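Scroll down for the structure; my scribbles are underneath it.
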Amino acid sequence: MARSELEQEHADLPSLDEVERLRLLVEASGTLLDALHLEELLPRVLELARRALLADAYALWEHDSAEEIWRVAAHSGLDEAYVVAASQAIRGGTAQVLLAEPLVVEDVAAADWLTGAHREAHEAAGTKAMLVVALRHRESVLGTLAFYYRAAHRFSDAERSAASTLANLAASAIATGQVYAAQARMAEERLLVAEASELLASSLDYETTLANVARLVVPRFADWCSIDMVQEDGSIGRLTVAHTDLAKARWADELVERYPPEQNAPYGVPNVIRTQQAELVPEISDDLLVDATKDTPELLEILRELGLRSSMCVPLVARGRALGAITFVSAESERRYEEADLAIALDLARRASVAVDNARLYRHADRSLALLDTLVGKAPVGLGFLDVELRYQLVNEELASRNGRSVADHVGATVAEVTPELAPTVEPLFQQVIETGEPLLDIELSGETPAAPGEVRHWLTSYYPVPNEAGEMIGLGVVVTDVTESREVRAAAEAAQERMAVLAEASTQLATTLDYEATLANIASLLVPRFADWYAVDVVDEDGGFRRLAVVHKDPDKAEWAERSRTTHGADPEEPEGTGRVVRTGEPVLYREVTDELLAGSTRDADHLEVLRQLGMASAMVVPLTAGGRTFGALMLVSSNPERRYDEEDLGYAQHLARRAAVAVDNARLYSAAEERAQAAMVVEHVGDGVLLVDDSGVIRPLESCRRPNDRPLGRRGGRSCRGLDLSLVGDAREADRGPLRDGAGGDQRP
């Protein structure tokens, strides 16, 4: 745009006050905040600067705080000659310029802080005045925004304020753009490492694989990538070199052949291999090139033509031995490598080193593995061999079948790829063996495998390091024995022992008290939660109904629902299932799976159904309490866990427990009845009146102390039915005022 046009566009600018100018900047700032890419953002900053302040030229200077280097990142209206000259002048200058406030230079020729070369550059560009404001973000100076005038200019406060405001907006936008760029770069580098890792793991032909990795990093991470390897005789040989231009790559190979590196060079590939320490050169200066080619000066111009900007060289090291080195060089892209880039390069080198070492070890171990394959192929236990990267190299049919995959599927695959469900458990154990060199023996593991989905299996495993002839570890061996059946047998035996212990303890409790109701309730402590999630016991009452003695649940939060079941929803003699059915038939019932339909058909109302659902009924069994040929109650054991379902063995155990409980209850009842008769006899012995004892069938039984008032022996009447006897004669009329004999609770007279 011509100066006359700019002047026309800004004709009314001097009339704007500072507030109006700031309004213009704030409205225009949205264009900055929308741009996340720096290449899009910087031109917008310059355009906004042109609209805010009328000047002849504008420039955005970028500051590299790590290297203390200033460079022009974008400019408008400046000659390239000035940009080059000013950049070199600033780089060579030593003057310190404070940027806390806008740098106002109304006479460039009089600025004593400018170096002679910098002043000459301004003079050549015709600069008479300039305004420089810092792009400050938090505590850092990202760069400067400069306004150049080719005529004398007096800067107003409004111009200074507008320039400062614009600089603040630009600094925030640039900082955001830098963060975005850093994140995008990090994501790209992570993707690069992932792709390189996949390449390295795809083949044991490491020469071809490394060449593919070199081509992968160009130009995403470097303009040049070369890989040198240590040969068997100790010399260094070029494996590959990559560049986007294949002609340049071939040319680089020719240069290496013509100018092989010195084995004892204090820098570059030989030094990195010898010291196993990486080298980072953020900026390849001309002085560095001159020093590097002092013995081969004809090479200097060639390197200058390549335009090398920055480089990194990282060693390939495995098990303490240097295998080679990878060199990354920036040229056309002008990328400057930093410590973060070096970390990526080292990560790539580490992965490449492992791949190379594994491939070499595998070649040496190939013959041994063939013999091992013959020996272990038919073994009755699972056998396998994994390399140091924990990839299967050999498995026998037994282990492969247990993993539900073929032998071929295992080779080259990781544990996570073959059995992902077991990988979190076994991979740390494998890594421990690799790192320590110590075996891990008789490790018990449990889990599911593709060969038996949904079924938990148990294994006894051992892992041991496998060295080669030189004593170097090449991987680890795996021995797996399935002990599921033996463990189940052992578990069954332990369960049987526990059940016997519970029976013994229950028998002890039942035998040590005559309060059978409390004892039946207390048995719950032995059964819940070991054999049931909740337990209920019902007994037949005198009127033929049921009385629920107890409901005990393992979950304390279910106590309220258990109490409602005991007091409100006890068993019903007429119910089609459950306690009612068991007491009517005298036969136990097993409900292997309690469905909603079964619950709904067995409950009396919605509240009853809700109580059972809250208590939880996934599986249940009800067993009768039977003694002396009479069923007087039932025990109910319930599982609320769908994975815990009762079977016939559980039912048999519950029946055995119920029989013991029934016998104890019957004994307690008989004892209580005998005790009542003894107490009655004691009462009669001390009563002076005539007393008759009548059994349940109405037959009079002899009692020597019982006589009629006329002293006629009772024995003569013994055995007669009381229906033919005048009971009104019993008792002494003279003692009638003492009242009839009553029971201990004040009830009616009992014969």
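The values are calculated or read from the model by the stated rules, or taken from the named source; none is laboratory data. Remember, predicted model here, so these are calculated numbers, not experimental data. Please note: Cβ atoms are built from the backbone with ideal geometry, for glycine as well, and neighbour counts cover all protein chains shown. All accessible areas refer to the heavy atoms of the entire protein, side chains included, with ligands and DNA or RNA removed. Shrake-Rupley method; radii C 1.70, N 1.55, O 1.52, S 1.80 Å.
Restricting region 352-400 to residues that are modelled with pLDDT of 85 or more and either in a loop (DSSP other than H, G, I, E, B) or hydroxyl-bearing (Ser, Thr, Tyr) (or both), the residue that is nearest to GLU438 (Cα to Cα) is VAL388. Out of the residues in region 448-484 that are under 29 Å from the mean Cα position of the chain (by Cα), at pLDDT 80 or above and among the polar types (S, T, N, Q), state the one that is farthest from ARG660 (Cα to Cα). It comes out as SER462.
Please go through region 159-215 and give me each residue that is over 35 Å from the mean Cα position of the chain (by Cα), β-branched (Val, Ile, Thr) and under 25 Å from GLN231 (Cβ atoms), ordered by number. Of everything in region 159-215, just one residue is over 35 Å from the mean Cα position of the chain (by Cα), β-branched (Val, Ile, Thr) and under 25 Å from GLN231 (Cβ atoms), namely THR208.
For beta carbons closer than 9 Å, sequence separation of 6+ or different chains, a first residue in region 152-163 that is open to solvent by less than 80 Å² (accessible area, probe 1.4 Å) and a second that is among the basic types (Lys, Arg), the qualifying pairs are HIS153/LYS128; ALA158/ARG21; GLU159/ARG21; SER161/ARG21; ALA162/ARG21.
When you look at ARG150, is it modelled with pLDDT under 90, among the charged types (D, E, K, R) and touching a strand residue (DSSP E or B) at 6+ places or on another chain (Cβ under 9 Å), yes or no? Write out each step before concluding.
Working: modelled with pLDDT under 90: no; among the charged types (D, E, K, R): yes; touching a strand residue (DSSP E or B) at 6+ places or on another chain (Cβ under 9 Å): yes.
It is false that ARG150 is modelled with pLDDT under 90, among the charged types (D, E, K, R) and touching a strand residue (DSSP E or B) at 6+ places or on another chain (Cβ under 9 Å).
Test ALA492 against the criterion of being surrounded by fewer than 13 Cβ atoms within 10 Å (Cβ to Cβ), of a type in the set (Gly, Ala, Ser) and either within 16 Å of LEU651 (Cα to Cα) or at pLDDT 70 or above (or both), and give yes or no. Yes: the conditions hold for ALA492.
Checked against (1) of a type in the set (Gly, Ala, Ser); (2) closer than 24 Å to TYR653 by Cβ; (3) open to solvent by 30 Å² or more (accessible area, probe 1.4 Å), GLY586 meets all criteria but (3).
Among the residues of region 215-247, the ones that are open to solvent by less than 40 Å² (accessible area, probe 1.4 Å), closer than 19 Å to LEU306 by Cα and among the β-branched types (Val, Ile, Thr) come to 5 in all.
All of LEU599, LEU615, LEU625 fail the test of being over 28 Å from THR519 (Cβ atoms) and open to solvent by less than 50 Å² (accessible area, probe 1.4 Å), apart from LEU599.
Conditions tested, residue by residue: (1) open to solvent by less than 30 Å² (accessible area, probe 1.4 Å); (2) closer than 29 Å to ALA674 by Cα; (3) at pLDDT 90 or above.
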{"site": "SER486", "(1), (2), (3)": "no, no, no"}
{"site": "ASP515", "(1), (2), (3)": "no, yes, no"}
{"site": "VAL552", "(1), (2), (3)": "no, no, no"}
{"site": "PRO556", "(1), (2), (3)": "no, no, yes"}
{"site": "PRO576", "(1), (2), (3)": "no, no, no"}
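Please specify each residue of region 298-335 satisfying the condition of being surrounded by 13 or more Cβ atoms within 10 Å (Cβ to Cβ) and part of a helix (DSSP H, G or I). Correct list: LEU299, LEU300, ILE302, LEU303, ARG304, LEU306.
So which of ASP543, ASP572, ASP605, ASP555 ends up being among the acidic types (Asp, Glu) and closer than 19 Å to VAL528 by Cβ? Steps first, please.
Numbers: ASP543 fails: closer than 19 Å to VAL528 by Cβ; ASP572 fails: closer than 19 Å to VAL528 by Cβ; ASP605 fails: closer than 19 Å to VAL528 by Cβ.
Only one candidate qualifies: ASP555.
Can we say PRO282 is over 24 Å from ALA201 (Cβ atoms), at pLDDT 90 or above and either open to solvent by less than 20 Å² (accessible area, probe 1.4 Å) or of a type in the set (Phe, Trp, Tyr) (or both)?
Numbers: over 24 Å from ALA201 (Cβ atoms): yes; at pLDDT 90 or above: yes; either open to solvent by less than 20 Å² (accessible area, probe 1.4 Å) or of a type in the set (Phe, Trp, Tyr) (or both): no.
Taking the combined requirement at face value, the residue does not satisfy it.
Counted as qualifying within region 531-614 are the helices (runs of 4 or more DSSP H) with 3 or more residues that are among the small types (Gly, Ala, Ser) and either farther than 17 Å from THR626 by Cα or within 47 Å of the chain's Cα centre (by Cα) (or both), namely 559-567, 596-602. Among residues of region 90-113 that are at positive phi, none has a Cβ under 7 angstrom from a residue that is at pLDDT 80 or above and not acidic (Asp, Glu) at a sequence gap of 6+ or on a separate chain. Within the span defined as region 644-660, one or more residues are open to solvent by 20 Å² or more (accessible area, probe 1.4 Å), free of Cβ contacts under 8 Å to residues at least 12 places away in the same chain and small (Gly, Ala, Ser). For the subset of region 56-100 comprising residues that are modelled with pLDDT of 85 or more and part of a loop (DSSP other than H, G, I, E, B), which member is nearest to LYS128 (Cα to Cα)? Looking at the filtered set, the residue picked out is ASP56.
Number of residues in region 305-331 that are of a type in the set (D, E, K, R) and under 16 Å from ASP286 (Cα atoms): the value is 2. When region 263-277 is filtered for residues that are open to solvent by 90 Å² or more (accessible area, probe 1.4 Å) and either without any contact (Cβ under 8 Å) to a residue 24 or more places away in the chain or among the small types (Gly, Ala, Ser) (or both), the ones remaining, listed by number, are ASN264, PRO266. Does GLU188 meet the test of being part of a helix (DSSP H, G or I), open to solvent by 60 Å² or more (accessible area, probe 1.4 Å), modelled with pLDDT under 90 and of a type in the set (Asp, Glu)? Yes; evaluated as a whole, the condition is true for this residue. The C-beta contact set for region 545-559 (first residue within 16 Å of ASP572 (Cβ to Cβ), second residue among the small types (Gly, Ala, Ser) and open to solvent by 50 Å² or more (accessible area, probe 1.4 Å), distance under 6 angstrom, 6+ apart or interchain) is empty.
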